[in-house]
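Only one structure is covered here, and it is reproduced in the block below.
Just so it is clear, none of the values below were taken in a lab; they were calculated from the coordinates. None of the values given here were measured: they were computed from a predicted structure. All Cβ positions, glycine included, derive from the backbone under ideal geometry; neighbour counts span all protein chains shown.
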Amino acid sequence: MSLIMAFIFMIIGFTIPPTLRGIDIPGLNVDAGLFVWITTMVSTAIFLIRALADTLVIGDIVIDVIVKRLGIKEEKSSKRAAREVIYIIIIILITTALSPILTAFESGSLLRTIMTYIALIFILLLIYDIGRILYRIIEEKAELLAERLASIAEKSEEE
């Protein structure tokens, strides 16, 4: 339902503001078309965020299935790292898909630049988290290897 509402507000945002160009809102000294466009885009964003929150739950289930199909063990950290790689791919695809749509607006290049930087921030955060996860996994494996080598050295000294 949130996606349908977002789609309706997006259609309103594309159709109504061009008919209101040149009309100023008294007291605000703002073009009515720009004001309606901003209002509808904010409403669209709110409904898209609600839809995204709903789809994240479904997405986690789908990602769990994909991770299992890829043969990744059930360890929490490696599973989360694989999930974050998939999120990075989704962010890149969404940013690439929305880029031509945003250039259709008057301030499209600015909106596209802002969207690109926001996507970059999310991607960098996910990459950082993946790095932490991989570091933790390697650290655990190195400690296990060190313990095994120490036990082998102790056994060889006893003999």
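Here the spin labels are modelled as points 7 Å beyond Cα on the Cα-Cβ line, and at I91 and V62 they lie 1.8 nm apart. Within the chain, the selection of entire DSSP H helices by a Cα span of 24 Å or greater along the long axis and an average Kyte-Doolittle value of at least -1.0 returns 32-70, 76-102, 108-158.
What the Cβ-Cβ distance of I25 and I121 gives, at R0 = 41 Å and to the nearest 0.05, is a FRET efficiency of 0.75.
Multiplying the sequence separation of R148 and T15 by 0.36 nm and subtracting their Cα-Cα distance, what value in nm do you get?
Gain on extension, R148 to T15, equals 41.0 nm.
Relative intensity of the chain on a log10 scale, I(q)/I(0) at q = 0.11, 0.19, 0.21 Å⁻¹, equals -0.66, -1.23, -1.35, per a Debye sum over C-alpha point scatterers of equal strength in the absence of solvent.
So how many Å³ per residue does the convex hull of the Cα atoms of the range 74-159 work out to?
Values: hull volume 6.8 nm³, N = 86.
Convex hull volume per residue, Cα atoms: 79 Å³.
Within the shell defined by Cβ-Cβ distances under 15 Å, the residues around P17 carry a net charge of -2, with Lys and Arg each +1 and Asp and Glu each -1.
Taking K and R as +1 and D and E as -1, what net charge do the other residues with C-beta under 13 Å from the C-beta of L34 add up to? Can you show the working numbers first?
Details: positive: R21; negative: D24, D31, E106.
Result for the neighbourhood of L34: -2.
In a fully extended conformation the segment linking S156 and L110 would gain 9.8 nm over its present Cα-Cα distance, using 0.36 nm per residue.
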